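Computed from the coordinates by the stated procedures, all read-outs in this text should not be read as laboratory data. Everything quoted here is computed from the prediction, not taken from an experiment. Heads up, the Cβs are rebuilt from the backbone with ideal geometry, glycines too, and the neighbour counts pull from every protein chain shown.
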Amino acid sequence: MRHTSVRSALVIVLAAGVAACGSPAAAPAGGAAASTPAGGVASGPAGVATSTARSSPSAAPDLASPEEMARGIDVPWGLAFLPGGEALIAERDTGRVLRLAPGGRPALMRQVAGVDSGGEGGLLGLAVSPGFATDNLVYAYLTAANDNRVVRFRLDGGGQEVVFDGIAKASFHNGGRIAFGPDGMLYVGTGDAGNTASSQDPASPNGKILRITPDGDPAPGNPAADSPVYSLGHRNVQGLDWDPEGRLFATEFGQNDLDEVNLIRAGANYGWPQVEGEGGTQGGRFTNPLVTWPVREASPSGMAITAGTVYVAGLRGERLWTAPLDGDRLGTPTARLTGAYGRLRTVEVAPDGALWLTTSNTDGRGDVRDGDDRLLRFPAR
Ligand SMILES: [Ca+2]
């Protein structure tokens with residue numbers, strides 16, 4: 001397996017890009033619009049205020065109280081929060097990372113280098129380092145010229161380091177979600193990139209959930225020593241989150257029939273391409289999903305867990321699926337927000353317990369509405 005540790009990482013100096021884009025600037029306090037050269041980002045339609053209704057981390061998101069936090073975002077994909085509650089948003093096709101301060105408007109934070117967008121590829125997932133307060137690091141999953149890779153950079157500037165590379169790319173099935181687990185390791189959801197055999201190949205990083213150290217090495221305790229593979233037999237994983245007990249759940253896209261939510265166990269095999277949805281386990285070789293949906297009702301990308309509920313953002317299904325957590329199982333799913341905002345890509349929980357949701361109508365597969373794409377917030381109370 002090809003992978004590059006940070007010690008030998010290619011460092012791409014971003015001086016030119018940063019200079020061209022101006023200094024990273026957070027929106028000023030008090031809600032005034034920041035003036036940035038980020039196209040429509042800070043100069044969207046007037047009257048789009050960032051609301052900051054009180055939210056309690058111990059409460060459940062109120063899906064009946066949407067707040068529009070931003071509009072005019074170009075194919076939002078990754079969404080992550082800084083410890084203080086500011087949001088970082090990745091734009092898939094432009095490769096820009098935007099920063100949204102509470103009470104402000106999105107401002108261009110960084111132009112990620114080497115993004116080769118096309119099809120489903122581009123600048124995809126974002127994750128904030130668990131040690132951000134001291135290391136200032138942000139991680140991103142991106143489609144580059146020849147592969148998919150994870151990079152990191154300091155939010156306050158400087159170069160970009162490759163953390164993990166060599167994940168095959170394609171027009172479709174690039175995976176792209178990254179998240180730090182409660183163990184401090186970085187989990188990476190990948191896709192089969194159209195080569196279904198890779199999902200069952202333990203030597204390939206494709207069609208897997210990978211578990212790596214923050215420096216990009218195979219994480220200690222992985223099922224196979226010196227391998228980044230944590231679970232295999234996946235088709236295209238774009239949703240990852242943990243329950244309060246530390247159990248990992250993940251979404252993946254089905255091909256023709258069935259999307260899945262899986263409970264992820266180290267070393268388990270989730271069946272693709274032999275099985276889509278529920279199927280024979282071949283004597284326990286394969287693990288069946290907890291929940292399935294017809295692809296027209298879901299096509300799930302992001303997933304978030306809060307207040308005892310799993311939230312799954314549906315692209316083609318244009319709805320937010322919710323399902324109650326029941327230990328290591330899920331209760332009966334309920335569809336919410338059906339058709340209200342179009343395609344839904346990413347769902348994340350902010351430090352204050354609010355649920356944030358991104359639309360994905362500008363991704364080439366949706367009907368673009370006035371103001372797309374949007375960033376929505378549902379305070380918890
Ligand atoms: Ca499966």
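Only the Cβ atoms of Lys and Arg (+1) and of Asp and Glu (-1) were treated as charged; on that basis the dipole of the chain about its Cα centre amounts to roughly 380 debye.
Fewest neighbouring Cβ atoms within 10 Å first, the residues Thr346, Thr334, Thr306, Thr292 line up as Thr334, Thr292, Thr306, Thr346. Ordering Phe132, Phe164, Phe249 by the number of other Cβ atoms within 10 Å of each residue's own Cβ, fewest first, gives Phe132, Phe249, Phe164.
Mean projected area of the convex hull spanned by the Cα atoms of the chain, taken over all viewing directions: 16.9 nm². With contributions of -39500 (n - 2.57) from each DSSP H run of at least four residues, the per-residue ellipticity at 222 nm computed over the chain stands at -500 deg cm²/dmol.
Just want the ordering: Trp272, Trp77, from fewest to most Cβ atoms lying within 10 Å of their own Cβ.
Numbers: Trp272 23, Trp77 30.
Least crowded to most crowded, the residues run Trp272, Trp77.
Name all residues of segment 246-277 having a backbone nitrogen under 15 Å from the label point set 7 Å from the Cα of Arg285 along its Cα→Cβ direction, giving them as ranges. In segment 246-277, the label zone of Arg285 (backbone N under 15 Å from the point 7 Å along Cα→Cβ) covers 268-276.
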